[in-house]
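K.L.:
Please see the structure below; I have some questions.
No value in this document is a laboratory result; all are computed from the given coordinates. All of these numbers come straight from a predicted model, not from anything done at the bench. Here Cβ is always computed from backbone atoms with ideal geometry, including for glycine, and neighbour counts include all displayed protein chains.
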Amino acid sequence: MFFFDPLYFVFALPALLLAMWAQFRVQSAYRKWSQVPNARGLNGFDVARTLMQNENLSHVQVERIDGMLTDHYDPRGAVMRLSEGSLQPSVAAMAIVAHELGHAAQDQEGYFWLRARAGIVGIANIGSSLGTILFFIGLMLTAFASGTFGYTIATVGLILFSAAVAFTLVTLPVEFNASARARQMLQRNGLVTAQEMNGVNAVLNAAALTYVAAAAQAIAQLLYFATLLAGRRED
């Protein structure tokens, strides 16, 4: 019954449409600018080497990773992992490499929001899975059993899921700041022309939209859960 609740689509549909639009923007921007060579002919490794040397990030290790757009920075070992597409001499590759090194710069200086995200990642992972399970178990108990036990279980599930929502919100300043640092590093080191900066902005802005969409989806689901729980309390 819960899985076919029309009310769910009232909350979820706008966020879902935003997520679809964000994914389209990412794919479109990446497809376009990954085919545009940068003026200096620098591949991803070249860009990484130049920025790490000039931005005091020489301690960062660079590794290859399978997949497309799977690039990420791992603060646990100060490792930047780049996918095959990001190793090409394209404008898109420059944007992605600089973005990940933006995270490395955050890590080096102890950027507050990066540390905050790392601090809640464990409970957020638990909340995204166990929180949802507990919520629906508790909600079913309220329908078939008297007393407040089911309502309490559902409330615990809602609180746990809220941690997952908080993670998506904390991620926003982390990603926005990394992109801002990426733009500054590329310009400061003279790696991009004015035209190439348009491509860098297109790639980074599209990527940022995916994180906004993820936060919107998480908030929409939390509001849906809260509405269901409020209805059970009134019953």
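K.L.:
Once a ≥ b ≥ c are taken as the square roots of the eigenvalues of the Cα gyration tensor of segment 17-59, is the result rounded (a/c under 1.5), prolate (a/b larger than b/c) or oblate (a/b not larger than b/c)?
P.N.:
In terms of gyration-tensor shape, oblate.
K.L.:
Something else about it: Give me the net charge of Leu191's neighbourhood, meaning all other residues with Cβ under 13 Å from the Cβ of Leu191; Lys, Arg count +1, Asp, Glu -1.
P.N.:
After counting each charged neighbour, the total is +1.
K.L.:
Quick check: net charge around Tyr111, other residues with Cβ under 13 Å of its Cβ, Lys/Arg +1 and Asp/Glu -1?
P.N.:
0
K.L.:
From the helices alone, meaning DSSP H stretches of at least four residues, give me the mean residue ellipticity at 222 nm for the chain, per-run term -39500 (n - 2.57), in deg cm²/dmol to the nearest 500.
P.N.:
My calculation for the chain gives -25000 deg cm²/dmol from helical runs alone.
K.L.:
Then there's this: Which percent, to the nearest 5, of DSSP beta bridges fully inside segment 14-144 are antiparallel?
P.N.:
If I count the DSSP bridges inside segment 14-144, around 45 percent turn out antiparallel.
K.L.:
Nearest 10 degrees is fine. How inclined is helix 91-109 to the longest principal axis of the chain, computing both from alpha carbons?
P.N.:
Orientation of helix 91-109: about 70 degrees from the principal axis.
K.L.:
How far, in degrees from 0 to 90, does helix 149-188 lean away from the longest principal axis of the Cα atoms of the chain, to the nearest 10?
P.N.:
10 degrees
K.L.:
Mind telling me which of Ala116, Ala178, Ala48 comes out most flexible in a GNM of the chain, alpha-carbon contacts under 10 Å?
P.N.:
Ala116
K.L.:
Tell me the volume per residue, in Å³, of the convex hull enclosing the alpha carbons of segment 44-96.
P.N.:
Output value, Cα hull per residue: 69 Å³.
K.L.:
If you don't mind, there's one more thing I want to ask. Taking the convex hull of the Cα atoms, report for the chain its projected area averaged over all directions, in nm².
P.N.:
13.7 nm²
K.L.:
Also, I was wondering about something else. When only alpha-carbon atoms are used, what values of Rg and Dmax, in angstrom, describe segment 133-235?
P.N.:
21.2, 69
K.L.:
Specify which residue in the list Thr227, Phe11, Tyr111 is farthest towards the positive end of the charge dipole of the chain, using unit charges on the beta carbon of Lys, Arg (+1) and Asp, Glu (-1), about the Cα centre.
P.N.:
Tyr111
K.L.:
Could you give the angle, 0 to 90 degrees to the nearest 10, between helix 194-234's Cα long axis and the longest principal axis of the Cα atoms of the chain?
P.N.:
10 degrees
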